[in-house]
Ligand code: GLY
């Protein structure tokens, strides 16, 4: 299916975006008024962190010892767990560690440490590109907080496993081994590069750094469209590195803009700038931010529909996970942009997202939602999998964004 998209990026759009983002239903207008009534300050952060600690204590009591939480089935009031090899396995311990840092509640650290023990074996997993999510969001935070050298060793081994998926013929890290693809690379893969930057620094081996440059440059070249949105999957010829096809897996259509894919790109290119200081990566991140924030289908509360090309309506699913990732990435982009107006734009947008996600529209009631913090994320709508549910990565990036806000704007 071909989708026509009329997008105009303009200075006017930048200046007026807070009042001009897309169609609004009367319900959205009311939500917006509720959202605007609060503001982000130390009390707001504390209230949401205290609430999240209580939720995660509840979630911790429901998760089987040898599993990680994945999502929650509301109809059956049942937690859906995953094994350690599932791509999201690092988020739950990572969130617990952020919550420990922000609250000082040692029950969060104890729950995280128990999960790190079962997660360690993934350091040898060479069958997935998701080791950044699995090992860096978990052990990366654990090492940063505790300084335990064992966590460093686990991550260095994990980074070596991830590097085996880089092949010079393509100059990219291969995303999947499944399916009929030749050499699939998904935009999500940009999220692994933060882990490899860490490995480059920690090991002194710049091969990881060079992998990142190569992967990011090919991604800019092949994943992005004229309007700065990105394809989800690029399939390359494994021997020549030539692009075979540009497709989607989790989006509405091959040429649509799957919301979380745009968020992974925004976060990934912001990290590329953080670790290289090469302006082309900052420029790429800013282009993605503009595409996202100025999109005519972006709802007023800045929690996007699951795909930017999905029809805007009250019944179209939102993706709170994409909003949470955007909030965290925009706060970091605020720190790097050279343009004061853009810096304010990114910060205001992130504030608005955090206010939205902390409102009763997206945040769970205490003791409900299987102990997850946020409701209303979408895993993969085309596969009818995890639609309008809580997801561990929505919680992770929401808490990360609250932490960034506290560290960078309130201290
Ligand atoms: N990396 C898979 C996803 O974002 O759903």
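Since every read-out is calculated from the coordinates, none of them should be taken as a lab result. Owing to the predicted nature of the structure, the values given are computational and were not obtained by experimental measurement. Cβ atoms come from the backbone with ideal geometry, glycine included; neighbour counts cover every protein chain shown.
Just the residues that are over 22 Å from residue 84 (Cα atoms), in a helix (DSSP H, G or I) and in contact with a strand residue (DSSP E or B) (Cβ under 8 Å, 6 or more places away or on another chain), please, taken from region 370-397.
The one that is over 22 Å from residue 84 (Cα atoms), in a helix (DSSP H, G or I) and in contact with a strand residue (DSSP E or B) (Cβ under 8 Å, 6 or more places away or on another chain): 381.
Is there a residue in region 274-284 that is crowded, with 21+ Cβ neighbours inside 10 Å and within 16 Å of residue 228 (Cβ to Cβ)?
Yes.
Quick one: is residue 291 more than 17 Å from residue 398 (Cα to Cα) and within 16 Å of the ligand (Cβ to nearest atom)?
So residue 291 does not fit the description; no.
For residue 99, which of the numbered conditions (1) closer than 21 Å to residue 51 by Cβ; (2) in contact with a strand residue (DSSP E or B) (Cβ under 9 Å, 6 or more places away or on another chain) fails to hold?
(2)
Filter region 236-247 down to the residues that are without any contact (Cβ under 8 Å) to a residue 40 or more places away in the chain and assigned to a loop (DSSP other than H, G, I, E, B) and list them by number.
242
Can you say whether residue 338 is closer than 27 Å to residue 287 by Cα and more than 16 Å from the ligand (Cβ to nearest atom), as far as the supplied structure shows?
So residue 338 passes the test.
Output yes when any residue across region 80-100 is assigned to a helix (DSSP H, G or I), touching a residue at least 60 places away in the same chain (Cβ under 8 Å) and within 30 Å of residue 183 (Cβ to Cβ), and no when none is.
The answer is yes, given that some residue of region 80-100 is assigned to a helix (DSSP H, G or I), touching a residue at least 60 places away in the same chain (Cβ under 8 Å) and within 30 Å of residue 183 (Cβ to Cβ).
Among the residues of region 311-333, write down those that are crowded, with 21+ Cβ neighbours inside 10 Å and outside any helix (DSSP H, G or I).
The answer is 318, 319.
From the set of residues in region 366-391 that are surrounded by 16 or more Cβ atoms within 10 Å (Cβ to Cβ) and out of contact with any helix residue (DSSP H, G or I) (no Cβ under 7 Å at 6 or more places or on another chain), which is nearest to residue 310 (Cα to Cα)?
381
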